[in-house]
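Here is the structure we will look at.
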Amino acid sequence: MAYTRLFSTLRLRSRELKNRVAGSAVTSLFSVGGAVSQKLIDHYSARARGGAAMMVTESMASSVLQPPGARLCAFDESKFDGFKRLAEAVEQHDCRLIGQIGDPGRGGHHQGIRNPHAIGASALPDDLSWTMPRAMTIADIRQRTEHMVDTAHRLQRAGFSGVELSCCHGLLFHQFLSPQSNRRDDEYGRDVEGRSRFIREIYEGVRATCGEGFIIGIKLVGDDGVPGGVDPELSAQIAARMARDGKIDYFCVAQGAHHRSLEMHAPDRTYAPLPYRRIWRTVRDSAGGVPVYGVGRVTTPAEAEEVIAAGDCDAVMMGRPFLADASWVKKTREGREHSIRLCINCNSCWEQTTTHRPLACDVNPRMAAADEFEWQPPKAAQPRRVVVVGAGPAGLEAAWVAARRGHQVTLLGASAEVGGKARLNASIPGCGQIARIYGYQHWAAKDAGVEFRLGQRATAEDVLALKPDSVILATGSSMRCPDGIKAGGMVQDLRSAVADLLSNPKSGKRKGTAVLYDMDHSVGTYDGAEFLADSYDRLVIITQRDSIASEIALVLRQRVNRRMAMRRIPVITLAEIVRVSGSTVDHANVYSGDTTRIDNVTLLAYSSPRLPDQELAGPLRAQGISVRLIGDCYSSRSVMAATQEGSLAGIEA
C-alpha cells in the first residue's frame, strides 16, 4: 500500500481507529427544527461508508440556554431518536461518531449583526461583529458545565463514541483561553491554569459521567491571528496543561478567530499547501503524547501521508475534501486516486452556510444526496444521440454523466483544450487548483466514452451534421463592455487581457499603469487583478461600489482585501469611468461628480456582468432540435451552478 502511515491504526484511549483520516466539523444547515434530518444522516453515513475512521459532527447546541438557530439541539431529549439513528448510520461502518459541542459566546460571523444576548469570558466586544457580551458569572460557568456534561452523556446514550469540545475559531471556550478576550481576575482568568479551567471542568465532568471508553477531543486554537491572543507557543502551553490531566484523547489544531483572521479558519487556494504544519508540530511537541490531528488545507492523499510521516501531526482531519468526495479514503486505499474529485479550496461551501443556505459544493453536485456514495447515473431506457457544445465545467459534467447513462455523446469545444473560461483562470500563477474541476470531468468523460471534437467554434451546421436527438449548450458568457467605454486598443475585457499576457510572456514588467474597472466583484476578478499587478508597473482598481469583493462571503472577502493590501494596490471606490482618451482615464465620484484623472494608462481592463452566449439556440430550435441551456450560457453565475446544472442535464438527457 502506498500510504502506509495514513492507513495505520490509531488508538484513542480504548478505541482503535482503522486509519488516520477523520472528517472535521462542517456546518450543514441540514437539520430541521434542531432535529436530525434524513439528509443529515445521508451526508454523514456516505462519508463513513467512504472509509473515514472518525466523523465529527457540526457544532451542536449543547445547552437550553443557547439560542439554537439552525443548529442541531443536542440538549433536547425529545430529539433523542434522531441522534440515535445518526449514530447507528455512521457507527455501523466501523467509523466513530464524535459530537462537537460548544457555545458561540460573543462570536459572530457577520459584521454589523450584533447579538444582544451574548455571553463571554469578559465584557469585551467581539472583534468582527462588535457584539458586546455579558461577562459570565461563576454560576453561569457552572450551569453551562452541567448542561454540556449532560449533553455528552445524552450523545453517549444515543450511540456516539465521543465528543469534541470546540475551543477555537473565536467561540466561547477560545474566548476563555485567550488573554486578549479573557481579562478576568478570578479563578477562570489570569494565566493558562485559570483560563483553561472552564474547559477542564467540562471534560473532567464528561470523563466522570461517561467513563473511560468514551472519546474526548479538544479542537484547539493553534494560532488565532489576533494581537495579544493565542499564538502557537501559547497554544502549546495550553495543550501541555490539558494533557497533564490524562482526561482527553486527542487535539485537533485549527486556526483563526472572529476577527480579520477569520480567513485562517478555512485557508483558500491562495494559501501555500499545508500552511499550518509547523503549528501542528509545535502543539504536538508539547502534547504529552496525546495524538494531534492537523486540519486546514490537507487535500490530497500524498499531502496527508507527508505530514504524518514528517511527524507534524499524528493524523489528519478534513472538512472540505470530504465534501468534494465522500469516498476520498476508500478510493485512496483501493488505488483509485485518479477518480477522486479533489477539493479546490474555493470556500463556496463556507459561503453557502454563512449566507443561510444549506451546505453545497462546487466540485460535487451530488453532495448529501441519498445515493451520493459511489454514485453512478441511472442507465437510460433508450440510448440517444446527444451533442454537448462547450467544454467548460458545465459541458464536461453534462457530457460524462450522459455518456455514463449509455447515450452516444459528442462534445464540441472551441478551444484545443478542455476547461473553458475556468482553464484561463487556472492558468494564472497561483490558481492551478481550479484545474482539478475540469481535470476530473475530462477523465470521467473519456472513461465514459465521450467523443471530443476540440479546437473549432461550432456552428449550427456542425451540430446538425451530427444528427442529434438533443443538444446541451454550455457555451458560457462574455463580459459586456460598460457604457461610456469603447472596446479596442488599450481597452479590453479582463479575460482577453489576461489571455494576451499569458500568450505573450515578457521578462520584467510592462510599462505604464493598468486600470481594472471592477463591476464584477467575484474571486476570479481579483485573481486577474493580482496578475495585472505582477505584469505592469502599477495597477489601480476602480469600482462603483463602496468596497471591492462585495459579491463574495466574508471569509473570501477578507482574503481578497488582504491580498490587495499586501500588494499595495490602490482601490478607488464609489467611482465610475467617464472618459478614456489616449493614455488617460478620467473617473468621477458617483455622488459628487468630482473628476480625477489617471495618466500614463497602457491598459484599461473591465470585469463586468456577463452576457450569455446563446447564438446557437435559435437556429437549432428552428430545425426542431431539443436544446437545453446550462451554466453561464443560461445565466452567468457560479461554478457550483455550472456543475449542478451539468449533472442534472446529463441525468435528464
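Where does segment 96-139 land on Rg/Rh, using Cα atoms and the Kirkwood Rh?
On the way: Rg = 12.3 Å, Rh = 11.3 Å.
On the Cα set of segment 96-139, Rg over Rh gives 1.10.
Going through segment 310-371, which trypsin sites (Lys or Arg not before Pro) have at most 11 other Cβ atoms within 10 Å and a DSSP loop state? Show your work: numbers first, answer last.
On the way: sites: Lys330, Lys331, Arg333, Arg336, Arg341, Arg366; in loops: Arg336, Arg341, Arg366.
Those that pass, being in a loop and sparsely packed, are Arg336.
Rounded to whole numbers, the Karplus 3J(HN,Hα) couplings from phi for segment 199-207 are 5, 5, 5, 5, 5, 5, x, 5, 5 Hz, using 6.51 cos²θ - 1.76 cosθ + 1.60 with θ = phi - 60°, and x at Gly and Pro. Normalised by 2.2 N^0.38 Å, where N is the number of residues, the alpha-carbon radius of gyration of segment 220-269 equals 1.24.
Rounded to the nearest 500, the helix-only mean residue ellipticity at 222 nm of the chain stands at -9500 deg cm²/dmol, with each DSSP H run of n ≥ 4 adding -39,500 (n - 2.57).
Cβ under 13 Å from Arg15's Cβ, Arg15 left aside: what net charge do those residues give with Lys, Arg +1 and Asp, Glu -1? Spell out each step's value before the answer.
Working: positive: Arg11, Arg13, Lys18, Arg96; negative: Glu16, Glu91, Asp94, Glu212, Asp249.
Local charge sum for Arg15: -1.
Under 5 Å from the amide H of Phe452 lie the amide H atoms of Leu411, each residue being 5 or more positions distant or on a separate chain, with H modelled from the backbone and absent for Pro and chain starts.
Positive end of the dipole of segment 495-567, charges at C-beta (+1 Lys, Arg; -1 Asp, Glu), about the Cα centre: which of Ser547, Met564, Ser522 has its Cα farthest in that direction? Result: Met564.
Ignoring ligands, DNA and RNA, what percent of the 1.4 Å accessible area of the chain is carbon and sulfur? Walk me through the numbers on the way to the answer.
Working: 12100 of 24920 Å².
The computed percentage sits at 49.
Assuming charge only on the beta carbon of Lys and Arg (+1) and of Asp and Glu (-1), the dipole of the chain about its Cα centre is about 640 debye to the nearest 20. Stokes-Einstein diffusion for segment 495-574, with the hydrodynamic radius set to the Kirkwood value over Cα pairs and evaluated at 37 °C in a medium of 0.692 mPa s, equals 253 µm²/s.
Just to confirm a number: summing +1 for Lys and Arg and -1 for Asp and Glu over residues other than Cys349 whose beta-carbon lies under 11 angstrom from that of Cys349, what do you get? So the surrounding residues net to 0.
Could you tell me how many degrees, from 0 to 90 and to the nearest 10, lie between the Cα long axis of helix 38-49 and the main elongation axis, the longest principal axis, of the Cα atoms of the chain? Taking the Cα atoms of the chain, the angle to 38-49 is about 90 degrees. Give me the net charge of Arg195's neighbourhood, meaning all other residues with Cβ under 12 Å from the Cβ of Arg195; Lys, Arg count +1, Asp, Glu -1. So the surrounding residues net to +1.
Using only Cα coordinates, the Kirkwood hydrodynamic radius of segment 447-562 works out to 17.5 Å.
Remark: spin-label model distance Glu451-Ala499 equals 2.7 nm, labels positioned 7 Å along the Cα→Cβ axis. Over segment 408-475, the fraction of Cα-Cα pairs per 5 Å bin, rounded to whole percents and listed from the shortest bin up, is 4, 15, 24, 23, 18, 10, 5, 2, 0. Measuring r between the beta carbons of Phe80 and Ala135 and using R0 = 35 Å, the FRET efficiency lands at 0.55. Gyration tensor analysis over the Cα atoms of segment 1-125 returns equivalent ellipsoid semi-axes of 31, 18, 13 Å (largest first, whole Å). Viscosity 1.002 mPa s, temperature 20 °C: Stokes-Einstein D of segment 292-360 from its Kirkwood Cα radius, in µm² per second? Roughly 166 µm²/s, to the nearest whole number.
If you scale each eigenvalue of the Cα gyration tensor by 5 and take the root, what three semi-axes come out for segment 1-67, rounded to whole angstrom and sorted largest first?
The equivalent ellipsoid of segment 1-67 has semi-axes of 29, 15, 9 Å.
Exposed loop sites are taken as GluC sites (Glu not before Pro) in a DSSP loop (any state but H, G, I, E or B) with at most 16 other beta carbon atoms within 10 Å; the longest stretch of the chain without one runs 1-186. Modelled spin labels at Ser592 and Glu337, positioned 7 Å past Cα toward Cβ, are 5.8 nm from each other. Over all alpha-carbon pairs of segment 479-620, lay out the pair-distance distribution in 5 Å bins, whole %, shortest bin first. Whole-percent P(r) values from 0 Å outward: 2, 9, 20, 22, 21, 14, 7, 3, 2, 1. Over every Cα atom in the chain, the radius of gyration and the widest Cα-Cα span, Dmax, amount to 26.4, 82 Å.
About its Cα centre, the dipole of segment 236-283 is roughly 180 debye, where the only charges are +1 on Lys and Arg Cβ and -1 on Asp and Glu Cβ.
Taking 0.36 nm per intervening residue step and subtracting the Cα-Cα distance, what contour gain separates Leu65 from Arg114 on full extension? Walk me through the intermediate numbers first.
Working: separation 49, 0.36 × 49 = 17.64 nm, distance 1.77 nm.
Length gained, Leu65 through Arg114: 15.9 nm.
Farthest toward the positive end of the dipole of segment 188-256, out of Val226, Ile248, Gly211, is the Cα of Gly211, where the dipole comes from beta carbon charges about the Cα centre.
Taken over the Cα atoms of segment 512-552, the convex hull encloses 53 Å³ per residue. Backbone N atoms of segment 515-530 closer than 17 Å to the 7 Å Cα→Cβ label point of Ser635 are not found in any residue.
Pair-distance distribution of segment 113-192: all C-alpha pairs, bin width 10 Å, starting at 0; shares per bin in whole percent are 17, 43, 30, 10.
Calculated translational diffusion coefficient of segment 317-441 (4 °C, 1.567 mPa s; Stokes-Einstein with Kirkwood radius over alpha-carbon pairs) equals 82 µm²/s. Using a simple spin-label model with pseudo-atoms 7 Å out from Cα toward Cβ, Thr4 and Gln38 lie 4.6 nm apart.
Work out, step by step, the length gained on full extension between Thr602 and Leu574: first 0.36 nm times the residue separation, then minus their alpha carbon distance; give nm to one decimal. Write out the running numbers ahead of the final one.
Working: separation 28, 0.36 × 28 = 10.08 nm, distance 2.28 nm.
Going from the current span to full extension adds 7.8 nm.
If you average 1/r across every pair of different Cα atoms in segment 182-253 and take the reciprocal, what Kirkwood value do you get, in Å? Walk me through the numbers on the way to the answer.
On the way: mean 1/r = 0.0772 Å⁻¹.
Result for segment 182-253, one decimal place: 13.0 Å.
Against the chain, whose longest principal axis comes from its Cα atoms, helix 639-652 is set at around 80 degrees.
What ranking do 279-285, 513-519, 636-642 get when scored by the average of other Cβ atoms within 10 Å per residue, highest first?
Values: 279-285: 22.6, 513-519: 24.1, 636-642: 21.0.
My ranking of the peptides, most packed first, is 513-519, 279-285, 636-642.
Of all beta bridges that DSSP places with both ends in segment 388-514, some 10 percent have antiparallel geometry. Accessible area per residue for the chain is 38 Å², calculated with a 1.4 Å probe on protein heavy atoms, without ligands, DNA or RNA.
Extent along the principal axes, Cα only, for segment 55-167: 45, 30, 23 Å, with the longest axis given first. Farthest toward the positive end of the dipole of the chain, out of Leu65, Gly319, Pro429, is the Cα of Pro429, where the dipole comes from beta carbon charges about the Cα centre. Computed over the alpha carbons of segment 201-339, Rg followed by Dmax gives 15.9, 47 Å.
The values are calculated or read from the model by the stated rules, or taken from the named source; none is laboratory data. Note that the structure is predicted; figures quoted are calculated from it, not measured. With ideal geometry, Cβ positions are generated from the backbone for all residues, glycine too; neighbour counts draw on all protein chains shown. Note: accessible area is taken over every heavy atom of the protein model, side chains too, but ligands, DNA and RNA are not part of it. Shrake-Rupley method; radii C 1.70, N 1.55, O 1.52, S 1.80 Å.
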